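See below for the structure under consideration.
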Amino acid sequence: MTTETSSRSMGGAARRPMIELRGVTKTYPGGQTAVNNLSLDIDRGAITVLVGPSGCGKTTTMRMINRMVEPTSGAVLVDGEDIADRKASDLRRSMGYVMQSSGLMPHRTVLDNIATVPRLNGVPRKDARTRASELLEVVGLAPDLGRRYPAQLSGGQQQRVGVARALAADPPILLMDEPFSAVDPVVRQELQEELLRLQRDMAKTIVFVTHDIDEATILGDKVAVLNIGGVLAQYATPEEILRAPASDFVAGFVGRDRGFRHLSFQEGEGVRIHSIQTIEVDRLGDPDAAVTSPWTLAVDAGGRPQGWVPQNRRSAIRSAGDLVPGGSLYRRGDTLRRALDAALSAPSGLGVAVDDEGRVVGSVRAGEILELIEDARVSRGRANYNTAV
Amino acid sequence: MEWFLANIDFIAGLTGQHLIQSVVPLVLAVVLAVPLAQLARLNRTVGAVILTLSSILYTIPSLAMFVFLPLLLGTSIISPVNVIVALTIYAVALLVRSTLDALESIDDGVRQAAVAMGFTPVRRFLTVDFPLSIPVLFAGLRVISVTNISLVSVGALIGVSSLGTLFTDGLFRSFPTEIAVGILITLVLALVMDLVLVALERLVTPWRRQAPAKGSTPETVAVEAYRVGA
Ligand SMILES: Nc1ncnc2c1ncn2[C@@H]1O[C@H](COP(=O)(O)OP(=O)(O)OP(=O)(O)O)[C@@H](O)[C@H]1O
Ligand SMILES: [Mg+2]
């Protein structure tokens, strides 16, 4: 008790973990131990991802934070206070919850769904609805969707509404249980980016459950890898988990591509940008506009890439529709993973590098990127070796 | 036709009584069956008792019930109260089961979400579980409404006045017109009641009126399953 007061008076409260799991165990009636003696500090204002194979106790762990599941032993502290002492319904209203199936109330309009928790807290209907329509915009939905019922929305829209609903009472904590796993990959990526964008402004304490290691590394400030039986296998930054898995289990779980995934954390600073031949799309129809290199990049008037012109088929390409489609783009400053992907996905073997406005600045080459990766790996290996000795 | 016009006041009176005897049990049944169903859901043992009792009560013939109830209630044998109580018992017996099914078929995700958002149990029942079981409730009510309207006539056999009085009276006097009028009005009454219930259901379940926008989201599938189940 004394230490707690002193740490507070020293301004420690701000740095104290928002959520602390203290030796938490959950054994369900029937003898299934879902979580085993788990201790975890969840940082304030950060995204902590719980990841692990199906049935490893992720949902159970998350639900012990809002008392939907009561631990068999151990304690959960929020803001330093044991949540067992708090009224369950009050505690839950202070935490937004988003789940895999949107869980929206089918009999309430989108607006009223979003307004649910403020209404439970006694906010007048009109105010709650006003706030709800603001949130609709925050999560990127058109205002007129507010009058619809959930069944009239697509899966992705429903998940957005689910996020808006969780945010409505402006809770300091968000619990998200596989919120994006029921939508297609394109929408999922959109939602992930959206969440990161929102989090930059909100700085909520987010606990995010997923079984997708990619999602975990994209979103997490910290990632907790759980093994079957609810045993903590590793708790670290995503970068560290990919670079130095703590056990064979973690290594196996992050998968064979982890070396490649790890490139996401390597800045593409040193990547050389070569000049590139371009031709304006408007001039494609002009037979005199010859191309002199095997692959020439067609750009629009603003200098943005449109597609490729192979030299040997120049005469067949007369307009933008005839171009060979390009690959992914490498924005200056992106990670090595993006750079390599741009180079490998381009039909010409030349990755297109663009500036922040999307204008072409040159090309990057796979061979050179691989050399950079190799150099970085070797020097890191040497560093590791030195610390080990 | 002349007979009908000459006796219009008498017939209107009987229709009114008939209506009261069939509608009051309907209302009472909702008030009783919904809490009973919730009780049955919360406690398995209580649930088993309620359901068994419902099945047993439902098998008692209506005439026997009409004759037996005055002994139990101390009412006069020709009192409409007997009919109302008897029909309420049948209606509750039928409605408890379907309401229980309705409550149990509510999407688990919706229920979990309600818990996670911090609904208290009472509030959750009133604002989530109950509204979502309304469609099934109405399906039950429509069946009961038709049944009631025909069963009320049986009461005329023991002297409770209703449209059934037209049958007993017509039979007694060998006057087919009276019987025909009785049948016709009963049919019209059943039809009107059904339309009223359909309209009422539409009114209180606005979310089921809207056509889903895109494809089959899990919700539309659930709602469809709901309709089929109903
Ligand atoms: N209410 C319950 N009663 C009994 N056992 C349960 C209950 N809920 C979960 N379990 C068991 O506890 C273990 C952990 O379940 P939990 O739902 O926490 O896993 P999870 O990591 O969220 O899995 P998934 O990725 O499939 O969602 C599982 O073996 C599960 O069968
Ligand atoms: Mg789960």
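The values are calculated or read from the model by the stated rules, or taken from the named source; none is laboratory data. If you're wondering where the values come from, they're calculated on a predicted model, not measured in any experiment. As a convention, Cβ positions derive from the backbone with ideal geometry for all residues, glycine included, and neighbour counts pool all protein chains shown. Ligands, DNA and RNA are stripped out before the accessible areas are found, and what is left, the full protein with its side chains, is counted by its heavy atoms. Shrake-Rupley method; radii C 1.70, N 1.55, O 1.52, S 1.80 Å.
Tell me which of these A:Val186 doesn't satisfy, since it passes every other one: (1) of a type in the set (A, V, I, L, M, F, W, C); (2) crowded, with 19+ Cβ neighbours inside 10 Å; (3) without any contact (Cβ under 8 Å) to a residue 12 or more places away in the chain.
With (1) of a type in the set (A, V, I, L, M, F, W, C); (2) crowded, with 19+ Cβ neighbours inside 10 Å; (3) without any contact (Cβ under 8 Å) to a residue 12 or more places away in the chain applied to A:Val186, the lone miss is (2).
Has segment A:47-57 got any residue that is at pLDDT 95 or above, outside any helix (DSSP H, G or I) and either away from ligand 1 (no atom under 16 Å from the Cβ) or open to solvent by 30 Å² or more (accessible area, probe 1.4 Å) (or both)?
yes
Suppose we filter segment A:128-186 for residues that are over 30 Å from A:Leu77 (Cα atoms), away from chain B (no Cβ under 11 Å) and within 16 Å of ligand 1 (Cβ to nearest atom); how many remain?
Residues meeting the conditions: 0.
Evaluate the following for A:Val35: is it on the phi < 0 side of the Ramachandran plot, open to solvent by less than 20 Å² (accessible area, probe 1.4 Å), touching a strand residue (DSSP E or B) at 6+ places or on another chain (Cβ under 6 Å) and more than 11 Å from ligand 1 (Cβ to nearest atom)?
When the stated conditions are applied, A:Val35 does not pass them.
Where in segment B:107-186 are there helices (runs of 4 or more DSSP H), lying wholly inside it, with at least 1 residues that are aliphatic (A, V, I, L, M) and within 13 Å of another protein chain (Cβ to nearest Cβ)?
B:108-117, B:121-124, B:130-154
Out of (1) under 25 Å from the mean Cα position of the chain (by Cα); (2) open to solvent by 50 Å² or more (accessible area, probe 1.4 Å); (3) away from ligand 2 (no atom under 16 Å from the Cβ); (4) within 30 Å of A:Thr237 (Cα to Cα), the odd one out for A:Glu134 is which?
(4)
Count, please, the residues in segment A:23-32 that happen to be surrounded by fewer than 16 Cβ atoms within 10 Å (Cβ to Cβ) and either within 16 Å of ligand 2 (Cβ to nearest atom) or among the basic types (Lys, Arg) (or both).
Qualifying residue count, segment A:23-32: 2.
Of all the residues that make up segment A:60-97, how many are within 16 Å of ligand 1 (Cβ to nearest atom), farther than 14 Å from A:Thr27 by Cβ and open to solvent by 50 Å² or more (accessible area, probe 1.4 Å)?
Here the count works out to 0.
Could you tell me which numbered condition B:Ala29 fails, if it satisfies all but one of (1) open to solvent by 80 Å² or more (accessible area, probe 1.4 Å); (2) modelled with pLDDT of 90 or more?
(1)
Among the listed residues A:Phe249, A:Phe253, identify the single one that is assigned to a helix (DSSP H, G or I), open to solvent by 40 Å² or more (accessible area, probe 1.4 Å) and either modelled with pLDDT under 90 or away from ligand 1 (no atom under 16 Å from the Cβ) (or both). First the steps, then the outcome.
On the way: A:Phe249 fails: either modelled with pLDDT under 90 or away from ligand 1 (no atom under 16 Å from the Cβ) (or both).
Step by step, each of A:Phe249, A:Phe253 is checked, and only A:Phe253 is assigned to a helix (DSSP H, G or I), open to solvent by 40 Å² or more (accessible area, probe 1.4 Å) and either modelled with pLDDT under 90 or away from ligand 1 (no atom under 16 Å from the Cβ) (or both).
Is it fair to say B:Phe4 is surrounded by fewer than 17 Cβ atoms within 10 Å (Cβ to Cβ), part of a helix (DSSP H, G or I) and at pLDDT 90 or above?
Considered against the rule, which asks whether it is surrounded by fewer than 17 Cβ atoms within 10 Å (Cβ to Cβ), part of a helix (DSSP H, G or I) and at pLDDT 90 or above, B:Phe4 comes out as no.
How about segment A:108-127: which of its residues are within 14 Å of chain B (Cβ to nearest Cβ) and basic (Lys, Arg)?
First pass over segment A:108-127, keeping only residues within 14 Å of chain B (Cβ to nearest Cβ): A:108-123, A:125.
Result: A:Arg108, A:Arg119, A:Arg125.
Take the conditions away from chain A (no Cβ under 14 Å), within 27 Å of the chain's Cα centre (by Cα) and among the basic types (Lys, Arg) and apply them to B:Arg97. Does it pass?
In short, yes.
Considering each of A:Pro179, A:Pro118 in turn, give the residue that is assigned to a loop (DSSP other than H, G, I, E, B) and open to solvent by less than 50 Å² (accessible area, probe 1.4 Å).
Selected residue: A:Pro179, the only one of A:Pro179, A:Pro118 that is assigned to a loop (DSSP other than H, G, I, E, B) and open to solvent by less than 50 Å² (accessible area, probe 1.4 Å).
What single numbered condition from (1) open to solvent by 40 Å² or more (accessible area, probe 1.4 Å); (2) not in a loop (DSSP other than H, G, I, E, B) fails to hold for A:Asn113?
Every listed condition holds for A:Asn113 apart from (1).
Output yes when any residue across segment A:194-201 is within 16 Å of ligand 2 (Cβ to nearest atom) and within 23 Å of A:Thr59 (Cα to Cα), and no when none is.
Taking every residue of segment A:194-201 in turn, none turns out to be within 16 Å of ligand 2 (Cβ to nearest atom) and within 23 Å of A:Thr59 (Cα to Cα).
Quick one: what pairs do we get from segment A:90-104, first residue in the same structural domain as A:Gly155 (by TED's automatic domain parsing), second of a type in the set (Asp, Glu) and assigned to a loop (DSSP other than H, G, I, E, B), C-beta under 7 Å, 6+ apart or different chains?
So the pair list comes out as A:Gln100/A:Glu178.
Can you find even one residue in segment A:320-335 that is outside the structural domain of A:Cys56 (by TED's automatic domain parsing), in contact (Cβ under 8 Å) with a residue 60 or more places away in the chain, surrounded by 15 or more Cβ atoms within 10 Å (Cβ to Cβ) and under 30 Å from A:Leu50 (Cα atoms)?
yes
Just the residues that are assigned to a loop (DSSP other than H, G, I, E, B) and within 16 Å of ligand 2 (Cβ to nearest atom), please, taken from segment A:58-110.
A:Asn66, A:Met68, A:Val69, A:Gln100, A:Ser101, A:Ser102, A:Gly103
Among the candidates A:Gly162, A:Gly155, single out the residue that is out of contact with any helix residue (DSSP H, G or I) (no Cβ under 7 Å at 6 or more places or on another chain), within 16 Å of ligand 2 (Cβ to nearest atom) and under 27 Å from B:Arg209 (Cβ atoms).
A:Gly162
So in segment A:211-226, with the set limited to residues that are more than 18 Å from A:Asp43 (Cα to Cα) and under 12 Å from the mean Cα position of the chain (by Cα), which one is farthest from ligand 2 (Cβ to nearest atom)?
The qualifying residue farthest from ligand 2 (Cβ to nearest atom) is A:Asp214.
How many residues does segment A:179-210 hold that are of a type in the set (Asp, Glu) and more than 12 Å from the chain's Cα centre (by Cα)? Let's see the steps before the verdict.
Quick first cut of segment A:179-210, residues of a type in the set (Asp, Glu) only: A:184, A:190, A:193-194, A:201.
Adding the requirement that they be more than 12 Å from the chain's Cα centre (by Cα) leaves A:184, A:201.
Qualifying residue count, segment A:179-210: 2.
Does A:Ala246 meet the test of being in the same structural domain as A:Ile218 (by TED's automatic domain parsing) and farther than 19 Å from A:Asp375 by Cβ?
In short, yes.
Is there any pair linking a residue in segment A:192-204 that is over 17 Å from A:Ala169 (Cβ atoms) to one that is acidic (Asp, Glu), with Cβ under 6 Å and at least six apart or on different chains, and which?
none
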